[in-house]
Amino acid sequence: MSFSDPIGDMLTRIRNGQMARKSAIRTPASKFRASVLEVLKREGYIRDYHDDSNERGHPEIVIELKYYEGTPVISTIKRVSKPGRRVYSKIGDLGKVANGLGISVLSTPRGVLSDAEARAENVGGEVLCEVF
């Protein structure tokens, strides 16, 4: 199965899994998805993720969702740059998400970084999503 927007698909699976109060969800595996999940894990929005395979032997990533007192840690997860409209930002033009309480995930020349990490590295890039 091919997707036109694999990151958007993964974010939707996370959003739907948390609405259904799932403890873990599965998504097709790729290095790019794993790097986005690594940023979410470092920032404390998901518990963990690991590689697995489904019953047909296709590689998948299992994402362990995180809850605090029964409510999802992620209240909003929104795709910014889409296949039909790519959004790039200089680090000086990048705004704060929810007055600094959320993060933006960027794809930069130095890898996938959160907005705080990109500011520390002084590098801009494609704004993949915003998480709060």
Checklist outcome for this item: Expected single match for more than 11 Å from the chain's Cα centre (by Cα) and within 17 Å of Lys22 (Cβ to Cβ) among Glu55, Glu117, Glu64, Glu126 is Glu64
Next on the checklist: Just to be sure before I move on: is Glu64 at pLDDT below 95 and over 16 Å from Ser114 (Cβ atoms) in the structure I sent?
Outcome noted: no
Checklist entry - Which of the residues spanning segment 107-130 are outside any loop (DSSP other than H, G, I, E, B) and farther than 21 Å from Arg85 by Cβ? => result Gly111, Leu113, Ser114, Ala116, Glu117, Arg119, Ala120, Glu121
Item to check | Check on Ser104, modelled with pLDDT of 95 or more, part of a loop (DSSP other than H, G, I, E, B) and not basic (Lys, Arg) | outcome: no
Checklist entry - Can you find even one residue in segment 86-95 that is among the small types (Gly, Ala, Ser), open to solvent by 20 Å² or more (accessible area, probe 1.4 Å), closer than 26 Å to Ser4 by Cβ and more than 15 Å from the chain's Cα centre (by Cα)? => result yes
Next on the checklist: Yes or no: segment 36-55 includes at least one residue that is without any contact (Cβ under 8 Å) to a residue 12 or more places away in the chain and on the phi > 0 side of the Ramachandran plot.
Outcome noted: no
Next on the checklist: Based on this model, can you work out whether Asp51 counts as surrounded by fewer than 16 Cβ atoms within 10 Å (Cβ to Cβ) and either over 17 Å from Ile7 (Cα atoms) or among the small types (Gly, Ala, Ser) (or both)?
Outcome noted: no
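The values are calculated or read from the model by the stated rules, or taken from the named source; none is laboratory data. Keep in mind it's a predicted model, so treat the numbers as computed, not measured. So basically every Cβ, Gly included, is an ideal-geometry build from the backbone, and we count neighbours across all protein chains shown. Please note that ligands, DNA and RNA were not included when accessible areas were found on the heavy atoms of the full protein model with its side chains. Shrake-Rupley method; radii C 1.70, N 1.55, O 1.52, S 1.80 Å.
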